[in-house]
Structures are given as C-alpha cells and as structure tokens.
1. Pull out the extension gain between residue 108 and residue 80, defined as 0.36 nm times the separation in residues minus the alpha carbon to alpha carbon distance; nm, one decimal.
2. Which length gain, in nm to one decimal place, applies between residue 99 and residue 15 when the Cα-Cα distance is subtracted from 0.36 nm times their residue separation?
3. Top to bottom by accessible area (1.4 Å), largest first, where do 10, 106, 59 land?
4. Please tell me the relative contact order of segment 10-101 in percent, rounded to the nearest whole number, where contacts are Cα pairs under 8 Å and at least six residues apart.
5. Please give the solvent-accessible surface of residue 5 in Å², to the nearest 10, using a probe radius of 1.4 Å with every protein chain present.
Amino acid sequence: MEFYEDGEEIVSRWRPTTEHQSWLDTLHGGVQSALLDELCGWVLFRKFQSGGVTSRMDIRFRKPIHISDGDITLRASVAQQRRNVIDVTGRIYNSAGELCTEATCIYFLFPKSTAEEQSHFCKCLVEEEDVERF
C-alpha cells in the first residue's frame, strides 16, 4: 500500500485480486479489516509523528466490494483524541465512490521517545512532488 495525505485525511488506493476474495468476486471481510487497521495506523505515523497499537476496532460492512470492479479507495482521519488514546475513523469506497465499509479504530499512542527507541521510528516525511490528490 502507498499512503498520501489529503488535508486531514490519509488516503490509499488498492486493487484487490482473486486471492483476496471470500465469496465469489467479494473482497474478504478480514482483508478489509486489515486494510483499514493499516490505514488508520498510518494516521498516527503522519499526524502524530509516532506509532501505537490497536486496542479496539469496530467495523461495519455496508455493501459488498466486488473484486472485478477494480481499485478501491481508503480514507482515514482522527475522530477524537483523549491524551494518548486516539480514535481514528476509516472508510473504504468502491470504484464508483460508494461507501462500502467503515471502521472506528482506537489506538494507544506511544510517546515519541518510545516509538524511536523500540521501533526506530523517527519521522514520517512527505515529498510534495510525489503526492497525488484523490
């Protein structure tokens, strides 16, 4: 996955293949959950310049995502911050731009020093010339 910053959101486009299906031509719910968890985690990297761990994830599958439809778009942003507990909202849209899946992920945010010491995380930089707007 590649991640882009679009205002307050972190965005990614991804193309599922038949290896990611559960039911015929349907993107597996577990794959969707993993995609959203990864995307929401990148919100921490970029917006807080630190890492964290997922403590809870609530997901709602609104509409099937058909693999044959092509690329999907994922968007996530900070919904709420309570000290070191961050609520991030993530959404998956099909190729027609319809909302298919949404999640609220709750993360325990590491202090920057812990992120640097334990995972060697320093900064999440963006090269402006490489950023595409979605």
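The values are calculated or read from the model by the stated rules, or taken from the named source; none is laboratory data. Values in this document were obtained by computation on a predicted structure and should not be read as measured data. The area values use the complete protein model at the heavy-atom level, side chains included, leaving out ligands, DNA and RNA. Shrake-Rupley method; radii C 1.70, N 1.55, O 1.52, S 1.80 Å.
1. Full-extension gain reported as 8.8 nm.
2. Separation in residues times 0.36 nm, less the Cα-Cα distance, equals 28.6 nm.
3. Descending order: 59, 106, 10.
4. Once divided by the residue count of segment 10-101, the mean separation gives 33 percent.
5. Its accessible surface works out to 50 Å², give or take rounding.
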